[in-house]
Each structure stands twice: as structure tokens, then as C-alpha cells.
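The values are calculated or read from the model by the stated rules, or taken from the named source; none is laboratory data. These numbers come from a predicted model, not from an experiment. Using ideal geometry, Cβ is built from the backbone for each residue, glycine included, and neighbour counts are taken over all protein chains shown. For accessibility, only protein heavy atoms count, side chains too; no ligands or nucleic acids. Shrake-Rupley method; radii C 1.70, N 1.55, O 1.52, S 1.80 Å.
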Amino acid sequence: QVQLVESGGGLVQPGGSLRLSCAASGSAISIYSMGWYRQAPGKQRELVALITSIDITKIEDYVKGRFTMSRDIAKNTVTLQMNSLKPEDTAVYYCNAHLTWNNRDYWGPGTQVTVSS
């Protein structure tokens with residue numbers, strides 16, 4: 001079973017950048033589809049980006065061109081680089097690990113990102 005811990009959130013001005021990291025332990029991330037999700041107050045949790053176990057990356061349209069996702073197999077981490085941040089990017093960001101074969105999901109506790117002047 002994998003354990004996930006996010007870091008790197010905080011307060012940033014519009015147009016600024018943040019880099020979120022997700023450190024995994026207990027299992028290698030290479031067997032999971034790793035994803036970043038976010039949940040704003042009063043809204044449902046939504047997918048932001050993911051990298052599959054075969055290293056295919058998907059970035060959702062509403063952040064494409066501003067956000068990038070990467071993984072480091074050796075360090076067992078995934079990162080989300082967020083540029084040109086907007087107030088509507090304000091949310092709690094969660095790291096997710098998904099096992100396709102048994103449809104199980106694992107979540108980190110989340111990290112708050114606030115974009116405000």
C-alpha cells in the first residue's frame with residue numbers, strides 16, 4: 001500500500017508560480033497511474049493532470065499551457081509545476097495513486113494553494 005504526502009502549497013499572487021511535490025512511500029509509483037486533483041470550496045474534486053504507469057501524461061484543458069506534471073521514478077515522487085496562476089486555481093490540491101487492475105485509489109492529505117493579491 002502506498003502512502004502519499006504533498007508539499008509546496010502556499011499563498012501566491014496572480015501570475016505567480018508554485019511547484020507541488022508528492023512523495024510516495026511503501027510502494028513504487030511506477031505501477032500506479034499518478035494524478036493531481038484539486039477541490040475548491042463548494043465544488044467537486046476535479047482532475048488536474050495525471051501520468052499513467054506507462055508514462056503517458058494528460059493535462060486537463062483548463063490548465064494546459066500553464067501546468068506541467070512530471071515523475072521521478074528514482075525518487076518516487078511526482079511534481080506539478082504551476083505557472084501563470086489565477087485566483088480560480090485556488091483549491092486544496094491532492095496527490096492520487098490509482099491501481100488499474102483492482103481499481104483502488106490512494107490519496108494524500110492535500111496541500112492548500114491560494115492565489116490572491
Relative contact order in percent for region 1-108 (Cα pairs under 8 Å, 6+ apart) equals 34 percent
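Just to confirm a number: summing +1 for Lys and Arg and -1 for Asp and Glu over residues other than Ile31 whose beta-carbon lies under 14 angstrom from that of Ile31, what do you get?
Numbers: positive: Arg71, Arg104; negative: Asp55, Asp105.
My count for the surroundings of Ile31 gives 0.
Quick one: net charge of Val63's neighbours, Cβ under 12 Å, K/R +1, D/E -1? Intermediate results must be reported in sequence, preceding the final value.
Values: positive: Arg38, Lys58, Lys64, Arg66, Lys86; negative: Glu46, Glu60, Asp61, Glu88, Asp89.
Local net charge: 0.
At a Förster distance of 22 Å, what's the computed FRET efficiency of Ala28 paired with Trp107, Cβ-Cβ distance as r, to 0.05? Can you show the working numbers first?
Details: r = 18 Å, r/R0 = 0.80.
Calculated transfer efficiency: 0.80.
Antiparallel DSSP bridges in region 1-80: what percent, to the nearest 5? Before the final figure, lay out each step's value.
On the way: 21 of 22 bridges.
The antiparallel fraction comes to roughly 95 percent.
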Magnitude of the Cβ-charge dipole (Lys and Arg +1, Asp and Glu -1) of the chain about the Cα centre, nearest 20 debye, reported as 40 debye
Phi angles of region 108-116, converted by Karplus (6.51 cos²θ - 1.76 cosθ + 1.60, θ = phi - 60°) into ³J(HN,Hα) in whole Hz with x for Gly and Pro, give x, x, x, 9, 7, 10, 10, 10, 7
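I need the shape label for region 22-72. Rule: rounded when a/c is under 1.5, else prolate if a/b > b/c, else oblate, with a, b, c from the alpha carbon gyration tensor. It would help to have the intermediate numbers written out before the result.
Numbers: a/c = 2.45, a/b = 1.46, b/c = 1.68.
Oblate shape, in that a/c is at least 1.5 and b/c is the bigger or equal ratio.
Counting pairs of alpha carbon atoms under 8 Å apart in space and at least six apart in sequence, what relative contact order in percent does region 58-117 give? Each step should come with its number before you reach the end.
Values: 68 pairs, mean separation 15.6, N = 60.
Once divided by the residue count of region 58-117, the mean separation gives 26 percent.
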Taking a probe of 1.4 Å and leaving out DNA, RNA and ligands, region 5-117 shows per residue an accessible area in Å² of 52 Å²
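Can you give me the % of accessible surface on the chain that is carbon or sulfur? Probe 1.4 Å, all protein chains present, nothing else counted.
Working: 3080 of 6170 Å².
Using a 1.4 Å probe with all protein chains present, the chain comes out at 50 percent carbon and sulfur.
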Place a point 7 Å from the Cα of Arg19 in the direction of its beta carbon; the residues of region 28-54 whose amide N falls under 13 Å from it are none
Rounded to 0.05, the calculated FRET efficiency for the beta carbons of Gln39 and Ser7 at R₀ = 25 Å is 0.90
With a ≥ b ≥ c from the Cα gyration tensor eigenvalues, square-rooted, and the rule rounded for a/c under 1.5, otherwise prolate when a/b > b/c and oblate otherwise, the chain is prolate
Using alpha carbon centers only, region 68-84 is separated from region 8-48 by a whole-angstrom value of 9 Å
